[in-house]
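Readers should treat all values here as calculations from the given coordinates under stated rules, not as data from a laboratory. Note that the structure is a prediction, hence the values are computed from the model and not measured. Cβ placement follows ideal geometry from the backbone for every residue including glycine, while neighbour counts extend to all protein chains displayed.
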Amino acid sequence: MDHFLYRDGILHAEDVSLTDIAAQVGTPFYVYSTATLERHFGLFTEALSGMEHLVCFAVKSNSNLAVLKLLGEMGAGMDVVSGGEYRRAIAAGVPGDRIVFSGVGKTREEMRLVLSQGIRQFNLESEPEMRALSEVATEMGVTAPVTVRVNPDVDARTHAKIATGKSENKFGIPISRAREVYAEIAALPGLDAVGIDVHIGSQLTDLEPFRQAYTKVAELTRELRADGHDIRRLDLGGGLGIPYERSNDAPPLPIEYGQVIRETVGDLGCEIEIEPGRLISGNAGIMVTGVIYVKEGEGRDFLIVDSAMNDLVRPAMYEAHHDIVPVVEPEPGVDQARYDIVGPICETGDTFAKARDMAPLKAGDLVAFRSAGAYGAVMASEYNSRPLIPEVLVMGDQFAVIRERPTYEEMLERDTIPAWL
Ligand code: LLP
């Protein structure tokens, strides 16, 4: 459930009409719903109730400071994967002891930054990284809390570009080597192994891979404890999928996911951390765009819209489906037109959808891409010198621009022409 519904024939974000936002900020833009963000965060809190836990929002899915502040104030922790994301979490008021640091390529500079300002734990992904962190922490005279991200060699049954838990993926340390690695951590100065981390992929629509991975983590917890390690925290990653197509079966609910956690690792007495991104932010956001032209092609019509693959890359990059709906609600029973929905960028990959049936549209009409709150704005670029599009946050009947559309001057000013040219 989200808070983007038709009211009096116009699509609204909570109590705000999208035509009003479009009139004020221009198209295209992203808009997020506070109530949906709150609701989705609450679903995880509920799913893990009775277990000591921290829900660490995956900042990579939506890193706007206003979104992070909203979730942080609800008690969320943050999962960050770069010094930039860490700075965002801190700037949004989230304390370091609620921030976990993931990612395969943490630099020494990033390690120094987070150790000086506070961190809940590093999720280590390789032995060279483990040794580098030991050196950095020792130089600084501090102890770094760490987990090891284990790669459980489980098939997440999702798109190949976002599956991470198979042995061929670049992530984590093979679970078969985990005992050796924890032994080395115990022997190294500056590191304290507080738990185990796992993340097997994103947009999972089946609970079985989670069950398999978490069962392996539970076995490993027992083994490591028998080896003398004080494993007290389990970071179970993110990845629970969302419904992108209203017409399809809905993926499992957070409460069902919570049940898998309870059944697999619930009896270990560990504090549970999870790192959901998409399930919290995905359906809390939409992208609104205007139709520039309706072009009649041979055997097909193109809806040419004013957003493009640089604004929302998911269809081009993962063949992802987004429901696309008109902002003005069509009359019931109106004859459907069939469109290829494309952006203005000069490559064929700039196609959002093929052969979509929808009510006939004309130049100037507005359409909304649903489920665009996760991995939308954060993956945008300025390809074709198209400035990044604004982000808007709605709460009830209020809305605010939470990232301005940059001017063309600002975009050009970032380049410098050398004096010798
Ligand atoms: N934790 C780690 C270590 C991750 O790598 C990710 C996502 C998450 C948590 C959050 O996963 P989520 O709950 O959002 O599924 N750009 C792609 C998705 C990439 C996901 C990368 N890692 C897309 O647009 O589908």
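Below is a table of values for the structure above.
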quantity	calculated
Spatial extent of segment 367-421: Rg and Dmax, with the Cα atoms as the point set, Å	15.5, 55
Theoretical ellipticity at 222 nm over the chain - DSSP helices of four or more residues, -39500 (n - 2.57) apiece, nearest 500	-8500 deg cm²/dmol
Whole-angstrom gap from segment 1-59 to segment 75-115, using each part's C-alpha centre	24 Å
For Glu208, net neighbour charge (Lys/Arg +1, Asp/Glu -1) across residues whose Cβ lies under 11 Å away	0
Local electrostatic count, Leu279, Cβ distance below 14 Å [Lys/Arg +1, Asp/Glu -1]	-3
Alpha carbon Rg of the chain, scaled by the compact-globule rule 2.2 N^0.38 Å	1.05
Label-point separation in nm, Arg338 to Glu109, each point 7 Å along Cα→Cβ	5.3 nm
Whole-Å distance, taken between Cα centres, linking segment 127-156 and segment 167-212	11 Å
Label-point separation, Arg177 to Glu331 (7 Å along Cα→Cβ), nm	6.7 nm
Within segment 315-340: backbone nitrogen closer than 20 Å to the Thr348 label point (7 Å, Cα to C-beta)	315-321, 339-340
Two-decimal Rg/Rh across segment 34-280, once Rg and the Kirkwood Rh are taken from alpha-carbon atoms	0.94
Overall Cα dimensions of segment 160-269, principal axis frame, Å, largest first	54, 31, 22
Neighbour-limited loop hits for GluC sites (Glu not before Pro), segment 176-275 (at most 13 other Cβ within 10 Å; DSSP other than H, G, I, E, B)	Glu245
Length-normalised contact order of the chain in % [C-alpha pairs under 8 Å, at least 6 apart]	20 percent
Computed over segment 45-116, the ratio Rg/Rh where both radii use C-alpha atoms and Rh is Kirkwood	0.98
Segment 325-397 shape via C-alpha gyration tensor axes, a/c threshold 1.5	oblate
Around Tyr293: net Lys/Arg minus Asp/Glu count, Cβ-Cβ under 13 Å	-3
Inter-probe distance in nm under a simple model that places probes 7 Å from Cα toward Cβ, at Ser385 and Ser116	3.9 nm
Cα-based reach from Lys170 at 29 Å (exclusive), listing lysines while leaving out same-chain residues under 8 positions away	Lys60, Lys106, Lys161, Lys216
